[in-house]
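K.L.:
Provided herewith is a single structure, encoded as structure tokens, for subsequent inquiry.
The values are calculated or read from the model by the stated rules, or taken from the named source; none is laboratory data. For clarity, every value in this text was computed on a predicted model and none was experimentally measured. Virtual Cβ from ideal backbone geometry, glycine too; neighbours counted across all protein chains shown. Protein only, heavy atoms only, side chains kept; ligands, DNA and RNA dropped before computing areas. Shrake-Rupley method; radii C 1.70, N 1.55, O 1.52, S 1.80 Å.
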Amino acid sequence: MRLLYSPTSPYSRKCRILIREKGLQSRVEEVAAHPFDDSPDLLAANPLGKVPALARNDAPAMVDSRLICEYLDTLSEPRWTPASGPARWRVLRLVALADGLMDLTVGRRIETSRDAKLRYDFWIGRQERGIARALDELEGDSGAFANATDLGSLGVAVALGYLDFRYPESAWRDGREALAGFFERWRVRPSFQETEPPAA
Ligand SMILES: N[C@@H](CCC(=O)N[C@@H](CS)C(=O)NCC(=O)O)C(=O)O
């Protein structure tokens, strides 16, 4: 299998960390692909033109990091998503919240990168307020996932790393000591260090 990824994409990073954590490196080759290049390779794997995409040998490619992570999770034990019960919903809720936090941060990055004349403060304000609310929610919930290694906590750690990369002025650690401690435990893992985005 081949994972088409971009080194700056947080969605790609989730998949790349999971590959390392689950010992799947020999089964998944990582191939860098910039989505804006519209390479035939990427478009063949993902008609949406986005990374990540997982090209499989005898089966259709998988698109969207959430689906790709769920699929990769089935390939080795232990599972990073509980099979059933309240624990499953706790993890999937966290996955959704973390993906939403990434969506807002990516959206803000796109908006703030525009030419000043084209920038829309309305959207930047909405995105920044959504980011702050999501962080407060995660700080409040952090007791439930502080020491977890599952798809939910992985997503939250990647979303926080992406804030450091693209929105450091958010100073997200201020007043959120539990979340900062949680991130520190993830930050030192080899899977996290090996997938650090290049300097901005
Ligand atoms: N929901 C998707 C989001 C993927 C996504 O938006 N990737 C960005 C890179 S961070 C991309 O490929 N953007 C190119 C584009 O939107 O044209 C996922 O979780 O995989």
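K.L.:
Looking at (1) open to solvent by less than 80 Å² (accessible area, probe 1.4 Å); (2) without any contact (Cβ under 8 Å) to a residue 24 or more places away in the chain; (3) among the hydroxyl-bearing types (S, T, Y), which one does Y120 not meet, given that it meets all the others?
P.N.:
With (1) open to solvent by less than 80 Å² (accessible area, probe 1.4 Å); (2) without any contact (Cβ under 8 Å) to a residue 24 or more places away in the chain; (3) among the hydroxyl-bearing types (S, T, Y) applied to Y120, the lone miss is (1).
K.L.:
Another question about this same structure. Name the residue that is surrounded by the fewest Cβ atoms within 10 Å (Cβ to Cβ), counting only residues in segment 173-200 that are within 20 Å of R93 (Cβ to Cβ) and under 17 Å from the mean Cα position of the chain (by Cα).
P.N.:
Taking segment 173-200 first, the residues within 20 Å of R93 (Cβ to Cβ) are 176, 178-179, 182-183, 186.
The next check asks that each one be under 17 Å from the mean Cα position of the chain (by Cα); those that pass are 179, 182-183, 186.
Values: L179: 22, F182: 23, F183: 21, W186: 18.
So, considering only residues that are within 20 Å of R93 (Cβ to Cβ) and under 17 Å from the mean Cα position of the chain (by Cα), the one surrounded by the fewest Cβ atoms within 10 Å (Cβ to Cβ) is W186.
K.L.:
Which one of the conditions (1) farther than 20 Å from F145 by Cα; (2) more than 14 Å from the ligand (Cβ to nearest atom); (3) surrounded by fewer than 17 Cβ atoms within 10 Å (Cβ to Cβ) does W89 fail to meet, given that it meets all the rest?
P.N.:
Unmet condition: (1).
K.L.:
Say we look at segment 1-32 and pick out the residues that are more than 14 Å from the chain's Cα centre (by Cα) and surrounded by 23 or more Cβ atoms within 10 Å (Cβ to Cβ); which of these is nearest to the ligand (Cβ to nearest atom)? I'd like the intermediate steps shown before the answer.
P.N.:
Taking segment 1-32 as the starting set, the residues that turn out to be more than 14 Å from the chain's Cα centre (by Cα) are 1-4, 20-32.
Next, from what is left, pick out any that are surrounded by 23 or more Cβ atoms within 10 Å (Cβ to Cβ): 3-4.
Numbers: L3: 11, L4: 10 Å.
Ranking the candidates gives L4 first.
K.L.:
Could you check, for segment 151-168, whether at least one of its residues is in a loop (DSSP other than H, G, I, E, B) and more than 12 Å from the ligand (Cβ to nearest atom)?
P.N.:
There is at least one residue in segment 151-168 that is in a loop (DSSP other than H, G, I, E, B) and more than 12 Å from the ligand (Cβ to nearest atom).
K.L.:
Would you confirm whether any residue within segment 145-155 is under 19 Å from W80 (Cβ atoms) and loosely packed, with under 14 Cβ neighbours inside 10 Å? Please lay out each step first, then the result.
P.N.:
Going residue by residue through segment 145-155, those that are under 19 Å from W80 (Cβ atoms) are 145-155.
This time we only want the ones that are loosely packed, with under 14 Cβ neighbours inside 10 Å, so: 146-147.
Yes, that holds for at least one residue.
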